[in-house]
1. So how far apart, in nm, are the two label points at R26 and V207 if each is 7 Å from Cα heading toward Cβ?
2. Size of the dipole of region 197-304 about the Cα centre, Lys and Arg at +1 and Asp and Glu at -1 on the beta carbon, nothing else charged, in debye to 20?
3. Given that just one value was derived from the coordinates, which of [x] 50, 43, 36; [y] 55, 53, 39; [z] 65, 38, 31 is Cα extents along the principal axes in Å?
4. Can you figure out the FRET efficiency of I309 with L77, using R₀ = 30 Å and their beta-carbon distance, to the nearest 0.05?
5. If a paramagnetic tag sat 7 Å from the Cα of R193 along the Cα-Cβ line, which residues of region 18-47 would have the backbone N under 19 Å from that point?
6. Considering only protein heavy atoms and a 1.4 Å probe, what is the carbon-and-sulfur percentage of the accessible area of region 142-264?
7. Counting only heavy atoms of protein chains, what accessible area per residue, in Å², does region 3-149 have with a probe of 1.4 Å?
8. So what's the gap between the Cα centers of region 1-66 and region 88-146, to the nearest angstrom?
Amino acid sequence: MDFAGAMVVAMAVDALLGWPSWLFARIGHPVTWLGRLIGVVDTGWNRAADPPALRRGAGVAGALLVIALSVALGWMLQSLLPLGWIQIVLIGILAWPLVASRSLHDHVAAVAHPLMAGDIAAAREAVSRIVGRDPAALDEAGIARAAIESLAENASDGIVAPVFWGALFGLPGILGYKAINTLDSMIGHRSERHEAFGWAAARIDDVANFVPARLTGFLFVLLAPRRSEALSCMTRDARRHRSPNAGWPEAAMAGALGVRLSGPRLYHGRVTDEPWLNEGARDPRAADIGEALTVYGRAMLLLGGLLAILALA
């Protein structure tokens with residue numbers, strides 16, 4: 001329960017401060033530090049001349065090494081802290097950079113503002129910072145869809161999942177999860193270089209996000225303006241998504257807003273034929289991003305409230 005209180009502190013500090021740009025300029029960010037470590041492992045252990053089986057084995061070892069080092073660092077830091085309420089506060093402060101609720105809100109709002117003003121070029125530029133699809137091919141509906149999908153998925157990956165593991169295990173939990181998530185984002189995709197080497201990273205991330213993704217979806221359902229539609233869409237369409245986890249928050253958000261999400265999209269000049277979530281609903285508009293941000297904000301407040309109740313129980 002003490003760890004739940006620490007996660008409330010982390011969420012509160014992040015909501016107030018985010019991760020200031022001046023601090024990033026001075027010391028970077030824990031995720032960038034993890035990224036450097038993963039880059040070293042990828043460069044040194046992922047050799048193109050090796051057979052796929054050997055590369056997969058190296059990927060398993062590399063992923064476990066990065067996760068183990070992160071968990072060990074979290075355990076060491078936590079063991080050095082004094083007990084009692086001071087420990088709760090200090091764990092929360094140390095966990096603060098690993099909770100990205102304000103950053104996610106600001107990045108998605110940066111898409112909504114120019115899109116509402118009719119500035120498609122600026123909206124495309126803003127959305128290119130949060131999604132990997134080709135922004136030049138996106139119209140208003142495509143930009144809104146990309147922003148809402150990113151908000152829903154990253155609410156799980158960037159806030160609910162790290163807080164979930166942090167509430168269970170403290171700093172080792174939240175640092176270990178961030179290592180898993182960063183591994184997946186860097187080497188867990190199906191490219192020629194990472195098909196074998198990133199196999200373990202992708203599978204471990206699927207396991208780590210199984211509960212948080214579904215929890216995020218249910219938080220969206222509870223705070224949805226169309227609660228029954230959000231629940232029916234999530235339970236019906238979540239498993240249609242290419243990801244075993246991302247479909248839950250995305251389908252819940254699609255039903256909550258009464259729009260269709262996912263569907264075909266363009267990546268690096270190639271169309272990927274993804275199934276629709278909430279097929280038959282209308283395409284999203286610029287105003288729907290604002291409504292999605294409202295659902296997201298209320299869901300994060302509810303999450304913080306539930307953690308506070310656990311901490312006080």
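The values are calculated or read from the model by the stated rules, or taken from the named source; none is laboratory data. This one's a predicted model, so the numbers in the text were calculated from it and none came from an experiment. Virtual Cβ from ideal backbone geometry, glycine too; neighbours counted across all protein chains shown. Quick note on the areas: whole protein, heavy atoms, side chains included, nothing else; ligands and nucleic acids left out. Shrake-Rupley method; radii C 1.70, N 1.55, O 1.52, S 1.80 Å.
1. 3.9 nm
2. 100 debye
3. Answer by label: [y].
4. Details: r = 27 Å, r/R0 = 0.89.
Efficiency computed from Cβ-Cβ geometry: 0.65.
5. Only 32-47 pass the distance filter.
6. Details: 2440 of 4150 Å².
Here carbon and sulfur together make up 59 percent of the probe-accessible area.
7. Numbers: 7450 Å² over 147 residues.
Ligands and nucleic acids excluded, the result is 51 Å² per residue.
8. Cα centres, region 1-66 to region 88-146: 21 Å.
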